[in-house]
Amino acid sequence: MPTTAYNPFENAQAQFDNVAEYLKLDEGMRELLRQPMVEMHFAIPVKMDDGSTKVFRAFRFRHNDARGPAKGGIRFHPHETADTVRALSMWMTWKCAVVDIPLGGGKGGVICDPHNLSRSEQERLCRGYVRQLYKQMGPNSDVPAPDVMTNAQHMLWMMDEYETIAGGRYPGMITGKPVGMGGSLGRTEATGFGVIFVLKDLLRCLDIPIESTSASLQGFGNVAEYTARMFTELGGKVIAVSCWNQSDKTAYTFKKADGCDIPQLVEIKDSFGSIDKEKALALGYEVLPGDAWLSQDVDILIPAALENQITPAVFPNISEKVKILCEAANGPTTPDCDELIKNRGIMLLPDFLTNAGGVTCSYFEQVQCNMNYFWDKTEVLEKLEYSMTKAFRAVYELSKEKNLYMRDAAYIIAINRVADAVRLRGWA
Ligand code: NAD
């Protein structure tokens, strides 16, 4: 997997620099917006079950909070780096701005592999994270959420630790909590469903019936699962999904040419989004190499796992049939691939617009927590579809009007909104 050759922060900065030039932002504004405003690097000592102490390196960065409290997930990943967190915090700023929610951008991470941690070790790690950051977090300053390999239980442990230290109830300090404990109905589905709200509207604009389309996905975790569920419920066909296999330490692609049965695949995956290879074989799936998802003859490619997956090196493997690249993951495409995508005439749905459903629903969760009044799922999903479709339409219309690449159109809208907030505050 080409994850290490590219630096996501350099990618994020390159994307920003292009648009800053187009918008003729002045030097001070560029300097402010091309890096996080606050970076916290810290160590979390955790008592392991065998009595030893293990120290985990961790990060929390705030890219920009001119439009509201910083918002962004916390990842648990053995290859987490400061530059990945920097890039992700920056993309969160643009993401909140493009869907026009009053939040800024933040991100966190811990270098760890939760596959190798017991439940109680994970709990102590979550509590340790909050103990280190307590003074910098809170509903009005920085609000974390789940991301890769973190889930609702992790968020609840973090909230409990925060409330224990603060001596009160602050459910708005974190989102992605379990329903009934301050979580919002629809949050689990929100990112994946949001991907489909955007894709569905693009297909409508292009006059392509979703029932006639096929897709191939990378990933089968939270985002990919709900993307695939709604896509197939609306009549689309998922031909292949790829995911990581922890015991073989490699990725596989699971393929069914006449369409994967998504609920069936969900039955045989673990909580980390890994599909059981033997069970899949028994159910008649072809098991192919991990990168085979990219070379399928489908209409839509949906990277929904990791960053830096679509590079010039692998781009020629993409089938000529592909019409849409729907970026569900953060940063799945390297900037040097954008020209190739444009030249092939592939329609791009850029990541920070396409996967903004999660943060939009997180915002709804915070609003409900602050009101202490919770909406039913239909209301949440209706509001989500409204916000996602409105954001998509604005980007699509700007791209048509000015003949812009969709990523550039999304950046122009987002960066303009953040730059306006920075100017109004008198920061630059
Ligand atoms: P997850 O941990 O639930 O799932 C990750 C998936 O990627 C798993 O199925 C895993 O097997 C797969 N994977 C890992 N390495 C792989 C490899 N080398 N090849 C193929 N598959 C591989 O994570 P998630 O929450 O679904 O997040 C996926 C992406 O979406 C990330 O880029 C994340 O930052 C982004 N995202 C997530 C949310 C959210 O609400 N969860 C919101 C916005 C963006």
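Quick note: the coordinates plus some simple rules give every number you see, no bench work behind them. Everything numeric here is computed off the predicted structure, so don't read it as measured data. Neighbour counts run over all protein chains shown; Cβ positions are idealised from the backbone, glycine included.
Looking only at the range 221-248, filter to residues that are among the hydrophobic types (A, V, I, L, M, F, W, C) and more than 18 Å from Ile310 (Cβ to Cβ); which one of those is nearest to the ligand (Cβ to nearest atom)? Looking at residues that are among the hydrophobic types (A, V, I, L, M, F, W, C) and more than 18 Å from Ile310 (Cβ to Cβ), I get Ala228. Just give me the residues in the range 331-350 being at positive phi and either within 14 Å of the ligand (Cβ to nearest atom) or assigned to a helix (DSSP H, G or I) (or both), in sequence order. Gly331 - this is the single residue of the range 331-350 that is at positive phi and either within 14 Å of the ligand (Cβ to nearest atom) or assigned to a helix (DSSP H, G or I) (or both). The set of residues from the range 42-74 being over 14 Å from Gly105 (Cβ atoms), among the aliphatic types (A, V, I, L, M) and outside any strand (DSSP E or B) comprises just one member, Met48. Of all residues in the range 249-265, those satisfying the criterion of being within 11 Å of the ligand (Cβ to nearest atom) and surrounded by fewer than 20 Cβ atoms within 10 Å (Cβ to Cβ) are Lys249, Thr250. Where helices (runs of 4 or more DSSP H) fall wholly inside the range 209-319, the ranges with 3 or more residues that are in contact (Cβ under 8 Å) with a residue 60 or more places away in the chain are 222-233.
Quick check on Thr164: is it in contact with a Lys or Arg (Cβ under 9 Å, 6 or more places away or on another chain), more than 22 Å from Leu283 (Cβ to Cβ), near the ligand (Cβ under 10 Å from one of its atoms) and polar (S, T, N, Q)? Spelling it out, it is not the case that Thr164 is in contact with a Lys or Arg (Cβ under 9 Å, 6 or more places away or on another chain), more than 22 Å from Leu283 (Cβ to Cβ), near the ligand (Cβ under 10 Å from one of its atoms) and polar (S, T, N, Q). Annotation: of all residues in the range 127-155 being in a helix (DSSP H, G or I) and within 16 Å of the ligand (Cβ to nearest atom), the one that is nearest to Gly68 (Cα to Cα) is Met155.
If you go through the range 83-105 one residue at a time, do you hit one that is polar (S, T, N, Q) and over 23 Å from Gly194 (Cβ atoms)? No, the range 83-105 contains no residue that is polar (S, T, N, Q) and over 23 Å from Gly194 (Cβ atoms). Report whether or not Lys95 is within 12 Å of the ligand (Cβ to nearest atom) and part of a helix (DSSP H, G or I). When the stated conditions are applied, Lys95 passes them.
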